[in-house]
Structure formats: structure tokens, C-alpha cells
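Q: Could you have a look at this structure, given as C-alpha cells, before my questions?
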Amino acid sequence: MINKKIALLYEVRNNMYVFPGGKIEKNETNIEALIRETKEEAGLTVKPESIIEYGIVTEIRKDIYVDGIFEQNDFFYICNVEDKTIEQKLTEHEKEIGYILKIVSIEKAISLNEVEITTGKKYSERETFILKSLKENKII
């Protein structure tokens, strides 16, 4: 969070905001993954002493890509970052999606994501749920 704003990734292809994140690598803790993924995807360096666990979201739904069930646990944290950004190290898939670091108001992020949800794709439901929770609980 930066002056009542939040650092998120804007997905150009999907026109929505998402949190940095990804798979936890073998022998890596959730916190180590948070620090690594935030650096790689957003170009931001997390201040480890500022990390506070916020919650876990378990998503279970029909998979949109294959015939079957999609199940995923997402761990959310609140943290501060260094002022200076570094170059993103995006995967080819992340480059195709068009990840751009944006510092935005929580209202702007929720508003844009709610438009995406109405398209029926619903990719941003998880992020929007957490953004609304952060706002309602006056975290941001």
C-alpha cells in the first residue's frame, strides 16, 4: 500500500487488476514465494519485517480451460515495499498477458474488476473479493 493506494498488476489482455503471485517452488516457504514473486512480477522488493498474513482463499470451480474441477489455495499477505522498483522478470505467459505494475486506489481496482466479472469470464472474482475485504476492513 502506498499512501492509501495499492500496488497491483494490471493485465492488459484481460483488462483487470491482480495481485502478484504464483506457484510455491519446492522447499520454498509461502513468505519466500511472496518475496520472490513480488520481485519477479511487479519489480518490487518486499520489506520482510512488514509482512502480515491476511488470509487464505480456497477456490473450487469448474475449470475454464479443461473438462474438470479447478482447485487452488491462495495465500494473501499485507506488506510494505522498497521505494525503488527493479526490472520485472516475467515469464512468456506473463508477457503475453501484459503485466504492468500500477499504483491505484482500491476503488479503481474494484471498479475495473467488477466490469470484467460481468463479462462472464470471472477471472478476477478472487482478487475482487480480497480487494473488497481490504476496503471493508479499512486495511486500505
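Q: Looking at region 37-49, I want the residues that are farther than 12 Å from TYR77 by Cα and have a partner that is assigned to a helix (DSSP H, G or I) and hydroxyl-bearing (Ser, Thr, Tyr) with Cβ atoms under 9 Å, at least 6 apart or on another chain. Which pairs are those?
A: LEU44/THR38; THR45/THR38
Q: Right, here's the next one. Out of all the residues in region 18-29, which are closer than 22 Å to GLU125 by Cα and more than 13 Å from the chain's Cα centre (by Cα)?
A: Of everything in region 18-29, just one residue is closer than 22 Å to GLU125 by Cα and more than 13 Å from the chain's Cα centre (by Cα), namely ILE24.
Q: What number of residues within region 118-128 are over 25 Å from GLY43 (Cβ atoms) and either surrounded by 15 or more Cβ atoms within 10 Å (Cβ to Cβ) or of a type in the set (Asp, Glu) (or both)?
A: Total meeting the criteria: 1.
Q: Among (1) surrounded by fewer than 10 Cβ atoms within 10 Å (Cβ to Cβ); (2) without any contact (Cβ under 8 Å) to a residue 12 or more places away in the chain, which single condition is LYS84 missing?
A: For LYS84, the exception is condition (2).
Q: For LEU9, indicate whether it is surrounded by 13 or more Cβ atoms within 10 Å (Cβ to Cβ), part of a loop (DSSP other than H, G, I, E, B) and at pLDDT 95 or above.
A: no
Q: Tell me which residues, restricted to region 16-30, are aromatic (Phe, Trp, Tyr) and within 16 Å of VAL46 (Cα to Cα).
A: Correct list: PHE19 only.
Q: Moving to a separate point now. As an exercise: evaluate LYS62 against (1) modelled with pLDDT of 90 or more; (2) over 18 Å from the mean Cα position of the chain (by Cα); (3) charged (D, E, K, R) and give the number of the one condition it does not meet.
A: (1) is the only condition that LYS62 fails.
Q: Collect the residues in region 12-31 that are of a type in the set (A, V, I, L, M, F, W, C) and without any contact (Cβ under 8 Å) to a residue 12 or more places away in the chain, keeping them in residue-number order.
A: Passing the criteria: only ILE24.
Q: What strands (runs of 3 or more DSSP E) completely inside region 45-140 contain at least 1 residues that are in contact with a helix residue (DSSP H, G or I) (Cβ under 8 Å, 6 or more places away or on another chain) and more than 20 Å from ILE24 (Cβ to Cβ)?
A: Strands (runs of 3 or more DSSP E) meeting the threshold: 99-105.
Q: Looking only at residues that are polar (S, T, N, Q) and under 23 Å from LYS23 (Cα atoms) in region 87-115, which one is surrounded by the fewest Cβ atoms within 10 Å (Cβ to Cβ)?
A: Here the answer is THR91.
The values are calculated or read from the model by the stated rules, or taken from the named source; none is laboratory data. As the structure is a prediction and not an experimental result, all values here were calculated from the model. Virtual Cβ from ideal backbone geometry, glycine too; neighbours counted across all protein chains shown.
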